[in-house]
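Right, one structure below, let's go through it.
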Amino acid sequence: MAETKILAFVCNWCSYGGADNAGGMRLKYPADVRLVRVMCSGRIDPVFIIKAFERGADGVIVSGCHPGDCHYTAGNYHARRRFAVFRELMIFMGIDPRRVTFSWVSASEGGKWRDVVSETVERVRALGPFEGYRGLTGRQHG
Amino acid sequence: MGELQELARKLLADGAVKVVIGYEEGPRGVRPAFITTPKDADRLVFDERCVHNLTMYLTPTRKHIAALGKPAIIVKGCDTRSLAGLIRQSQVKRENVVVIGARCGGVLKDPSVKAAIAEDTVADRCRGCTIREPRLVDHLVGEPKPAPPGKSLVDQKIDELDAMTPEQRLAFWHEQLSRCIRCHACREVCPNCFCVRCLADKAEPLESSAHLRGNMAWHMVRAMHQAGRCVDCGECERVCPADIPLRLLNRKIARVIEARFGHRPDDDPESTAPIGSFQPEDGQEFIR
């Protein structure tokens, strides 16, 4: 039974294959994670992460191809710069960076995918549900 | 007639430009002016109340201004970095604008009242000014002035925030951002916000209501979209009716980018943008 909701954005070419590989290898990992397949980690806008938290995710995994392996040559390099900055922004805004995992998982790394998910789930379960973010809609003025 | 007014008059009379974008006296301090006839050139003023970054009027999204014809624009040293950014991002062609650089000794914190530049009257963004002589210009007017006094308080505030616990930081931002009414003045005044259709004007993905959750999202997204492009002209913070310290976000990101990628916004239209380029050896200690 899943205790938390983790949304994972995975690239089509490596990390989705990695997750598939984990399935093919019959590896077990917690069912807290839901996958969203995108074409490239470079496609993952930081606003996706914000949106995930708004809509009830307690944690987010962002995963793409290892540097040098990008199907589009450089998408993951661009993503790396963007997320390096976004992570610092989250920290500066007071959002716990332990709720977001960035990883490189190749299509043959089913084992690594299991580890990434298991570690993230463990961390996020310890932190508890992210009510503090999604519950911010109350009347805040005056 | 002063040097600036004479130059503007000549540019208009010769037909070199159709409009001079500058500053004129308004009911509450100076305001942006669009001078289209030579006889109006004497309305132009330039002094320490000229806080506006006029380069935002050059973006193609401002169709009503583009319709006036070829512009000349008055820029301070700091504004030339915005202009360089617009050229770099293919929003402005250098040859399509006549740039009049005005030597500046800093602008006022409160531009509605005439005052001399001093430690307590100067705008914080002017402290530590790096462009004393604008380079990206066709004409340069005014006498050289001393550098603005004092040290920026923004960096100090960022250090204070960095030293806090995450909960304290979150509380700080909740307090600040709960005041946001989502008027988007910060966007409207920004030379970098030239998207034909802004993410904030769509139903998705940003929540448009002015509640804290939507405000957090908007300000994070705004800061991210400015990453590597913001020149810290401070106009967003100046126009904010809710006094949200937006420069903290912009400046924080600029510091991260400088530390990680060694990039600093400059007035060179040829330089590379840090977000949108990469080095294979960029740091990835945060990636599993």
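Computed from the coordinates by the stated procedures, all read-outs in this text should not be read as laboratory data. What you are looking at is a predicted structure, and each value in this text was computed from that prediction instead of being measured. Cβ: placed from backbone, ideal geometry, glycine included. Neighbour counts: every protein chain shown.
Expressed in whole Å with the largest first, what are the equivalent ellipsoid semi-axes of segment B:3-141 derived from the C-alpha gyration tensor as the square root of 5 times each eigenvalue?
For segment B:3-141, the ellipsoid semi-axes come out as 24, 18, 13 Å.
Annotation: average projected area of chain B is 16.7 square nanometres, based on the convex hull of Cα atoms across all directions. Shape analysis of segment A:1-75 based on the Cα gyration tensor places the equivalent ellipsoid semi-axes at 21, 18, 7 Å, largest first.
For segment B:170-218, report the convex hull volume of the alpha-carbon atoms normalised per residue, in Å³, without decimals.
Spelled out: Cα convex hull of segment B:170-218, divided by residues, is 82 Å³.
Counting only other chains, what is the mean number of Cβ atoms within 10 angstrom of the Cβ of each residue in peptide B:208-221? Kindly include the intermediate steps, with their values, before the conclusion.
Values: counts 0, 1, 2, 6, 8, 10, 3, 2, 8, 7, 2, 2, 10, 4.
Mean shielding by partner chains, rounded to a whole number: 5.
Legend: mean number of C-beta atoms from other chains within 10 angstrom of residue C-beta atoms, peptide B:276-284, equals 5. Largest GNM mean-square fluctuation across B:Pro38, B:Pro144, B:Pro134, computed for chain B with C-alpha springs under 10 Å, falls on B:Pro144.
Could you pull out the trypsin sites (Lys or Arg not before Pro) across segment B:157-210 that fall in loop regions by DSSP (anything but H, G, I, E, B) with no more than 10 other Cβ atoms inside 10 Å?
On the way: sites: B:Lys157, B:Arg169, B:Arg179, B:Arg182, B:Arg187, B:Arg197, B:Lys202; in loops: B:Arg179, B:Arg182, B:Arg197, B:Lys202.
Hits after loop and neighbour filter: B:Arg197, B:Lys202.
The relative contact order of segment B:1-152 comes to 22 percent, based on Cα pairs under 8 Å that sit 6 or more residues apart.
For B:Lys63, which lysines qualify as cross-link partners when the Cα separation must be under 26 Å and same-chain residues fewer than eight apart are set aside? List returned: B:Lys10, B:Lys18, B:Lys39, B:Lys76, B:Lys93, B:Lys202.
Taking a quarter of the surface of the Cα convex hull of segment B:153-261, what do you get in nm²? With the hull built on Cα positions only, its mean projection is 7.0 nm².
From its DSSP helices (H runs of at least four residues, each -39,500 (n - 2.57)), chain B gives a residue-normalised ellipticity at 222 nm of -9000 deg cm²/dmol.
Ranked by Cβ crowding within 10 angstrom, fewest neighbours first, how are B:His263, B:His52, A:His71, B:His64 ordered?
Numbers: B:His263 17, B:His52 24, A:His71 14, B:His64 8.
If I rank by nearby Cβ atoms, fewest first, I get B:His64, A:His71, B:His263, B:His52.
Work out, in µm²/s and without decimals, the Stokes-Einstein translational diffusion coefficient of the protein assembly as shown at 25 °C, 0.890 mPa s, Rh from Kirkwood over C-alpha pairs. Diffusion coefficient, whole number: 104 µm²/s. Taken about its Cα centre, segment A:6-134 carries a charge dipole of about 120 debye when Lys and Arg each add +1 at the Cβ and Asp and Glu each add -1 at the Cβ. Ordering A:Val85, B:Val239, B:Val196, B:Val137 from the fewest to the most neighbouring beta carbons within 10 Å gives B:Val196, B:Val239, B:Val137, A:Val85. Rounded to the nearest 10 degrees, the inclination of helix B:166-177 to the longest alpha-carbon principal axis of chain B is 40 degrees.
When cysteine pairs in chain B are screened for C-beta atoms closer than 4.7 angstrom, the residues that find no partner are B:Cys50, B:Cys78, B:Cys104, B:Cys126, B:Cys129, B:Cys180, B:Cys183, B:Cys195, B:Cys198, B:Cys230, B:Cys233, B:Cys240. Quick one: helix B:79-88 against the long Cα principal axis of chain B, what's the angle to the nearest 10°, folded into 0 to 90? Roughly 80 degrees between the two axes.
Find the all-direction average of the projected area of the Cα convex hull for segment A:31-142, expressing the result in square nanometres with one decimal place.
Details: hull surface 31.1 nm².
Result: 7.8 nm².
Can you check what the net charge comes to around B:Glu25, using other residues whose Cβ is under 13 Å from the Cβ of B:Glu25 (Lys, Arg +1; Asp, Glu -1)? Before the final figure, lay out the partial values.
Values: positive: B:Arg28, B:Arg31, B:Arg43, B:Arg49, B:Lys114; negative: B:Glu24, B:Asp40, B:Asp42, B:Asp47.
Residues near B:Glu25 contribute +1 overall.
Positive contributions from Lys and Arg (+1) and negative ones from Asp and Glu (-1), summed over other residues with Cβ under 15 Å from the Cβ of A:Ser106, come out at -1.
Just to confirm the filter: which GluC sites (Glu not before Pro) across segment B:84-179 are DSSP coil and have at most 11 other Cβ within 10 angstrom of their Cβ?
On the way: sites: B:Glu95, B:Glu119, B:Glu160, B:Glu167, B:Glu175; in loops: B:Glu119.
Listed in order of number, the matching sites are B:Glu119.
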